Structures are given as C-alpha cells and as structure tokens.
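Here's the structure, in structure tokens; my notes come after.
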Amino acid sequence: MQEYPDYNVLDRKGYWDPHTRQIIERRMTSVPQIKFFSSEEAETLEVAISRILPQDSDDRIPVVPFVDEKLAKNITDGTRYEDMPQMQELWRMFIRALDEEAQSSYGERFIKIDTSAQDEVLGALSKGDSNSTTWKVIPAQRAFQEIIRVAASFYYSHPYAWNEIGWGGPKYPEVYVRIGCGRKDPEEPGVVGHVRE
C-alpha cells in the first residue's frame, strides 16, 4: 500500500539536471528485453521476486528485466567473496535451487506451488536449510543476501518505489539539507505547513 498516494516524484523532474532526468526516464520507459535468462528461468524468477518484493500497485517495477540486463552485460559490482560463484552463475543456481527445493518439499516446480509454499521455499533457501543440492555447495545465507541486495537495488532505484515510500528522488544539482532520521525537506511528502525539525 502506498503511504503517499497523491505523491509523484516525477513532478520534480524539472529540477533535475538533464543527465539525471534521462537516466530516470529510461527506467520508466525502456524496460530491457530478456536476453540472459531463458523464458522458463525468467518466469520462475518473476514469481520469486514477486514474493520477495511484493507489489500491489498497477504500476509494477520491472525488477527481473533490469537484473537480466545486468547479467547479460556481465556488469559486476567489482568484488566477490572467494567462496561465491560468479554473479551470472549465482542467479542461475538460485533459480535451480528454487525448483529443487519446491520439488523436494512439494513435488512441483516453484511456480506451480501456492504462495505460502513459495514463501517456505524462499525461507529455506535464505536460512541455508534447503534440500537443494545446488544450494548446498555455496554459502547459502550470503548467496541469498546477494540475490536480495541486487533485486532490491533495482526495485528502490525506480520512481514507483520512491512514490511508495515518499522519497523525494535525486536532488542534483540541489542537495538534501535535512538528512537526519525523520527530518524532511520542505518539498517532501508528509510535511504539512512547515518543516519538521
């Protein structure tokens, strides 16, 4: 549920420099085509991400296509734990582990089981309590955290998420002034009549 239903961060785009505006508008209008994942992998991942980052709005954030683009271009974050697989392999392992765990516990592929069972499968993977042979060969909790980190970074870099949480978006060339917890700049949602100090 959106806490600020009348707020639209794009109303502020006139204050952004052209480069920032171009990047953000691309997120809204240019959803990448799936190139890295197979259609079956993408379908499984879509279901998993919808359980991890539920979206109840009609304005859906296309997390999987942006993850796919990152993997297709092999854009890494520059570091990796030595006991972790390469990023591209990690995501494929995650998808295989979803189906292996679902098959082991429920006798069906991940996308075929109900949402509460899907949550159980995800919980098992997140804790490292999975029956998946794929997931047992890597540090499961760290691997799951990496999946969450990447998915959440795409989710929360999208203007629809900013609207949902009431974030004012980028302030470049301006800057945020009131950066303390619970303090808001005048143009941010939730400020009534004056700035909270």
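Summary table
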item	result
Rounded tilt (10° steps) of 63-72 against the dominant C-alpha axis of the chain	70
Stokes-Einstein D in µm²/s, Kirkwood radius over Cα pairs - the range 125-169 at 4 °C with 1.567 mPa s viscosity	107
Summed residue charge, Cβ within 13 Å of T44's Cβ, Lys/Arg positive, Asp/Glu negative	-4
Helical contribution to [θ] at 222 nm, DSSP H n ≥ 4, -39,500 (n - 2.57), averaged over the chain, rounded to 500	-15000 deg cm²/dmol
Under 11 Å, Cβ to Cβ, from Q88 - net charge with Lys/Arg +1 and Asp/Glu -1	+1
Hits among lysines - C-alpha to C-alpha of K13 under 29 Å, sequence gap 8 or more where chains match	K70, K73, K171, K184
Per-selection Kirkwood Rh - the range 1-85 (Cα, Å, 1 d.p.)	15.6
Gaussian network model of the chain, springs between alpha carbon atoms under 10 Å - residue of I24, I75, I111 with greatest fluctuation	I75
Degrees separating the helix 115-127 axis from the principal Cα axis of the chain, which is the longest one	80
Angle in degrees between helix 140-155 and the longest Cα principal axis of the chain, rounded to the nearest 10	40
Residue order, fewest to most surrounding Cβ atoms within 10 angstrom, among W167, W16, W91	W167, W16, W91
The chain: equivalent-ellipsoid semi-axes (sqrt of 5 x gyration tensor eigenvalues, Cα, Å)	35, 19, 16
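Only the coordinates and a few stated rules stand behind these numbers; no lab work does. Just so we're clear, the structure is a prediction, and the values are computed from it rather than from any experiment. Positions of Cβ are generated from backbone atoms using ideal geometry, with glycine treated the same way; all protein chains shown enter the neighbour counts.
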